[in-house]
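Here's the structure, in structure tokens; my notes come after.
The values are calculated or read from the model by the stated rules, or taken from the named source; none is laboratory data. On a predicted model such as this, the values are computed, not experimentally measured, just so you know. Virtual Cβ from ideal backbone geometry, glycine too; neighbours counted across all protein chains shown.
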Amino acid sequence: MTLSILLMGVLVGFLVGLTGVGGASLLTPVLVMIGIHPSIAVGTDLLYNSITKLFGTIQHWRQKTIDFKLVKMLAMGSIPGVILAVTCLKLFESNYLNQEMIIKHALGYVLILVALATMFKVFFGHKLKENRWQLKSLAEKRGLTITIGAVLGFIVGLTSIGSGSLYAIAMLYFFRMSTAQLVGTDIAHAFFLATTAGLLHASMGNVNYMLVLNLLIGSIPGVLIGSMLSAKAHTNLLRTIIASLVLLSGIKLL
């Protein structure tokens with residue numbers, strides 16, 4: 001099991017480095033499909049994501065490509081959203097014993113949503129024109145920003161998926177910022193979100209720490225290799241292929 005998990009970490013890290021497609025949308029369904037309990041897969045993936053996003057946050061902080069005001073406002077919604085999601089999972093497990101079914105179905109629907117969002121970003125992201133939301137200041141969009149944070153935070157707490165991809169799509173449409181700043185802000189917020197959700201799942205016993213360690217050992221060299229090759233790869237084509245696989249995984253889980 002250790003060798004296969006190491007290799008899985010290498011592959012996921014490689015694809016993330018190569019294409020930028022979120023690791024959770026690749027990793028969580030695979031963990032579920034190889035027989036790991038859905039709640040353990042979600043909790044483990046969140047903690048793994050938290051550690052990987054930490055390094056990305058540090059790098060973007062050094063590059064000054066993080067909008068901390070936007071991170072703070074999104075977190076005002078996303079942190080309560082995550083707490084609500086994990087609380088709901090705990091209540092459903094205590095009262096109805098159907099936590100596994102809820103997580104699997106939620107995973108399926110969110111994977112389909114992430115796949116479609118990824119395809120939208122590939123084919124139409126560069127064609128988006130400025131809209132009335134982008135022209136408003138952050139203070140004017142306070143309510144909208146907190147609501148986006150809360151809704152997507154709930155989804156992340158339930159499935160571990162979307163801390164990067166779904167927020168990136170929202171930021172692309174509702175906020176005006178450079179590509180580097182969008183990526184940096186997205187990663188920084190994802191770090192705080194995944195850390196909170198990961199700790200909550202850990203408190204429920206939903207984290208396999210040895211699995212996290214094996215995945216990290218594999219994914220770190222994978223990300224480095226993928227990142228080095230990304231300049232030479234047909235990134236949009238690869239993103240479309242991966243999004244198609246994620247879409248199929250989502251359909252299979254339903």
> Looking only at segment 27-73, which residues are surrounded by fewer than 20 Cβ atoms within 10 Å (Cβ to Cβ), aromatic (Phe, Trp, Tyr) and in contact with a helix residue (DSSP H, G or I) (Cβ under 8 Å, 6 or more places away or on another chain)?
Replying inline: TRP61, PHE68
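Would you confirm whether any residue within segment 16-29 is over 29 Å from ILE225 (Cα atoms) and either among the hydrophobic types (A, V, I, L, M, F, W, C) or not in a helix (DSSP H, G or I) (or both)? Even if it seems obvious, please write down each step before you answer.
Pass one, segment 16-29, residues over 29 Å from ILE225 (Cα atoms): none.
Taking every residue of segment 16-29 in turn, none turns out to be over 29 Å from ILE225 (Cα atoms) and either among the hydrophobic types (A, V, I, L, M, F, W, C) or not in a helix (DSSP H, G or I) (or both).
Of MET210, MET171, which residue is surrounded by fewer than 16 Cβ atoms within 10 Å (Cβ to Cβ), among the aliphatic types (A, V, I, L, M) and modelled with pLDDT of 85 or more? Let's see the steps before the verdict.
Working: MET171 fails: surrounded by fewer than 16 Cβ atoms within 10 Å (Cβ to Cβ).
That would be MET210, the only listed residue that is surrounded by fewer than 16 Cβ atoms within 10 Å (Cβ to Cβ), among the aliphatic types (A, V, I, L, M) and modelled with pLDDT of 85 or more.
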>> Whether any residue in segment 74-95 is modelled with pLDDT under 90, of a type in the set (Ser, Thr, Tyr) and part of a loop (DSSP other than H, G, I, E, B) is what I want to check.
In response: no
> Restricting attention to segment 43-73, which residues are aliphatic (A, V, I, L, M) and not in a helix (DSSP H, G or I)?
Replying inline: ILE66
> For the subset of segment 134-168 comprising residues that are charged (D, E, K, R) and in contact (Cβ under 8 Å) with a residue 12 or more places away in the chain, which member is surrounded by the fewest Cβ atoms within 10 Å (Cβ to Cβ)?
Replying inline: ARG142
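For the structure I just gave you, tell me whether THR19 is modelled with pLDDT of 85 or more, surrounded by 19 or more Cβ atoms within 10 Å (Cβ to Cβ) and of a type in the set (S, T, N, Q). Full working, then the answer.
Values: modelled with pLDDT of 85 or more: no; surrounded by 19 or more Cβ atoms within 10 Å (Cβ to Cβ): yes; of a type in the set (S, T, N, Q): yes.
No: the conditions fail for THR19.
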>> Looking only at segment 174-195, count every residue that is crowded, with 23+ Cβ neighbours inside 10 Å and of a type in the set (Val, Ile, Thr) and tell me the total.
In response: 2
